[in-house]
1. Which count do you get for residues in the range 1-18 that are farther than 20 Å from Asp346 by Cα and in contact (Cβ under 8 Å) with a residue 40 or more places away in the chain?
2. Between Pro199, Pro229, Pro240, which is assigned to a loop (DSSP other than H, G, I, E, B), without any contact (Cβ under 8 Å) to a residue 24 or more places away in the chain and either out of contact with any Cys (no Cβ under 6 Å at 6 or more places or on another chain) or buried (at least 24 other Cβ atoms within 10 Å of the Cβ) (or both)?
3. Checking Val74 against (1) within 30 Å of Asp329 (Cα to Cα); (2) surrounded by 19 or more Cβ atoms within 10 Å (Cβ to Cβ); (3) aliphatic (A, V, I, L, M), only one condition comes out false. Which one?
4. Out of all the residues in the range 107-163, which are under 22 Å from the mean Cα position of the chain (by Cα) and small (Gly, Ala, Ser)?
5. Under 9 Å between Cβ atoms, which residue pairs at least 6 apart in sequence (or on different chains) link something in the range 152-172 that is assigned by TED's automatic domain parsing to the domain that holds Asp116 and over 13 Å from Arg121 (Cβ atoms) with a partner that is acidic (Asp, Glu) and assigned to a strand (DSSP E or B)?
6. Can you tell which of Gln105, Gln113, Gln45 is touching a residue at least 24 places away in the same chain (Cβ under 8 Å), outside the structural domain of Arg347 (by TED's automatic domain parsing), over 23 Å from Leu227 (Cβ atoms) and out of contact with any Lys or Arg (no Cβ under 8 Å at 6 or more places or on another chain)?
7. Considering only the range 40-80, state which residues are among the acidic types (Asp, Glu) and more than 20 Å from the chain's Cα centre (by Cα).
8. Of everything in the range 22-42, what is free of Cβ contacts under 8 Å to residues at least 40 places away in the same chain and in a helix (DSSP H, G or I)? Give them in sequence order.
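The values are calculated or read from the model by the stated rules, or taken from the named source; none is laboratory data. Just so you know, these numbers come straight off a predicted model, no measurement behind them. Glycine also receives a Cβ, built like all others from the backbone with ideal geometry; neighbour counts cover every protein chain displayed.
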Amino acid sequence: MKDKLQLMIPGPTPVPESVLLAMARHPIGHRSGEFQAIVKRTTEQLQWLHQTKGNVLVLAGSGTAAMEAGIINVLSKGDRVICGDNGKFGERWVKVAKAYGLDVQVISAEWGQPLDPEAFRAALEADTGKQIKAVIITHSETSTGVLNDLETINRHVKAHGEALIVVDAVTSIGATSVPVDAWGLDVVASGSQKGYMMPPGLGFVAMGERAWKAHEHSDLPKFYLNLGPYRKTAAKDSNPFTPAVNLYFALETALEIMQKEGLEAIFARHSRQQRATQAAMQAIGLPLYAAPGHGSPSITAVAPEGLDAEAVRKVVKNRYDILLAGGQDHLKGKVFRIGHLGFVCDRDILTAVAAIEGALVELGRPPAQPGAGVAAAAAVLQS
């Protein structure tokens, strides 16, 4: 049915109608007092979401742009860094760091497994000369549905005393608590098309004081992604370059919706929907891909044994107009991923579960107990 597609992927995520309507406003001058008032308001809202009193800078770009900006603004050529790699995005930050000539030590884990905080502790404690300048990790590894233990890894980084922590929080901000100030996180990057409930186009970088001190000595090449001018103009409720004006309208509206719901309620909703999705998949006999106890509140990866995951996705999309995410790289055809991030309600979870059950019937692999997935999800959602 035309215009009925339901997004159940980790991004772009569904967008509230009020946010879409906000984008339909006529653009205004980005140097006007009216726009400066919006910048001031959204800055305060972003600080609320990040649980920080520090800078949260807005770029016209994706989450990858925000992460690249975070890396190149606090490091210098030849700096030694540790990159955590347990999925597609951890792999990406290794490539970005190497592209800028950094000396990269990789701490890896199999896809589907969490990064081991003890491996970071050992590597950092062995660095008695304090040569490690940064630890770069993905909090919620979107490709596998794994949530890494950021809090514990960050404690080991802080014990080192010299290294900064640079965090890809693209699918964790707005889904689980990332208390920037309480944890002393140095650089946290995210993107608008995820938990922010907006279309793609804005990247966000939260920067702490230790990161700004490192910025003073950073010699990696940068111009548009040089965060110094962003910080200077943000203090005047402005931007160094032409901003995405209409996306700012959307940002203000989306963050107003989030503030009305409240941080704790948002986190509780994502946790509840994650548990409901996991329970549903297990009830219909579909194994979860992420290691037990380490699933992301944003996305659940499912590994249907003996069944082509792409075939499941195809039926769910063509018959039920619901888009699930596929597996990436070597996981293509082996997993499908169910997004429960951002503007997703309990009804969406039940609908997606029912559609997956229907797809299994069509593919000749019906659940042993019809409706078991929906029943399991409903039980969690009502608890």
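1. Just the residues of the range 1-18 that are farther than 20 Å from Asp346 by Cα, to begin with: 1-3.
Subset that is in contact (Cβ under 8 Å) with a residue 40 or more places away in the chain: 1.
Of the residues in that region, 1 qualify.
2. On the way: Pro199 fails: without any contact (Cβ under 8 Å) to a residue 24 or more places away in the chain; Pro229 fails: assigned to a loop (DSSP other than H, G, I, E, B).
So the residue among Pro199, Pro229, Pro240 that is assigned to a loop (DSSP other than H, G, I, E, B), without any contact (Cβ under 8 Å) to a residue 24 or more places away in the chain and either out of contact with any Cys (no Cβ under 6 Å at 6 or more places or on another chain) or buried (at least 24 other Cβ atoms within 10 Å of the Cβ) (or both) is Pro240.
3. Among (1) within 30 Å of Asp329 (Cα to Cα); (2) surrounded by 19 or more Cβ atoms within 10 Å (Cβ to Cβ); (3) aliphatic (A, V, I, L, M), the lone unmet condition for Val74 is (1).
4. First pass over the range 107-163, keeping only residues under 22 Å from the mean Cα position of the chain (by Cα): 107-117, 120, 134-155, 157.
Within the range 107-163, Ser108, Ala109, Gly112, Ala134, Ser140, Ser143, Gly145 meet the criteria.
5. Listed pairs, sorted by first residue: Asp168/Glu141; Thr171/Glu141.
6. Numbers: Gln105 fails: out of contact with any Lys or Arg (no Cβ under 8 Å at 6 or more places or on another chain); Gln45 fails: over 23 Å from Leu227 (Cβ atoms).
Of the residues listed, the single one that is touching a residue at least 24 places away in the same chain (Cβ under 8 Å), outside the structural domain of Arg347 (by TED's automatic domain parsing), over 23 Å from Leu227 (Cβ atoms) and out of contact with any Lys or Arg (no Cβ under 8 Å at 6 or more places or on another chain) is Gln113.
7. Kept after step one, since they are among the acidic types (Asp, Glu), are these residues of the range 40-80: 44, 68, 79.
Across the range 40-80, the qualifying residues are Glu44, Asp79.
8. If the condition is that a residue be free of Cβ contacts under 8 Å to residues at least 40 places away in the same chain and in a helix (DSSP H, G or I), then Gly33, Glu34 are the ones that fit.
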